[in-house]
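Before any comments, here is the structure.
Throughout, read-outs are computed from the coordinates displayed, never taken from laboratory work. This one's a predicted model, so the numbers in the text were calculated from it and none came from an experiment. As a convention, Cβ positions derive from the backbone with ideal geometry for all residues, glycine included, and neighbour counts pool all protein chains shown.
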């Protein structure tokens, strides 16, 4: 199982720079996570929204456009997907996706997220 995680600091810029699709081709990750995507799924080209051979899940900030956000691409379809952690302030920022897998990963859970660099409580 190969898991790749990248704080992209802007997924649209990563795509524009030509670094997005080569990541999938070169490293062949089974699960690929991006933090700090800074966009909504609909702002991305179709080939980025839906990478061939992967299921994709996105969470973005509901408060500020171009801020925070995470995405996970997985070759194995999860049995369950959760958005957020139950903390309204952070959930509004689109900082966490949790994917649950039963088979063939025997109850594996994969989280893609990142915390703020400022106090939120």
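Pairs of alpha carbons in the stretch 16-83 separated by more than 13 Å make up 66% of all such pairs. Cα centroid separation, the stretch 66-94 to the stretch 1-33: 17 Å.
Taking each residue as 0.36 nm, the span from residue 79 to residue 100 lengthens on full extension beyond its C-alpha to C-alpha distance by 7.0 nm. Listed from fewest to most Cβ neighbours within 10 Å, the set 2, 95 follows the order 2, 95.
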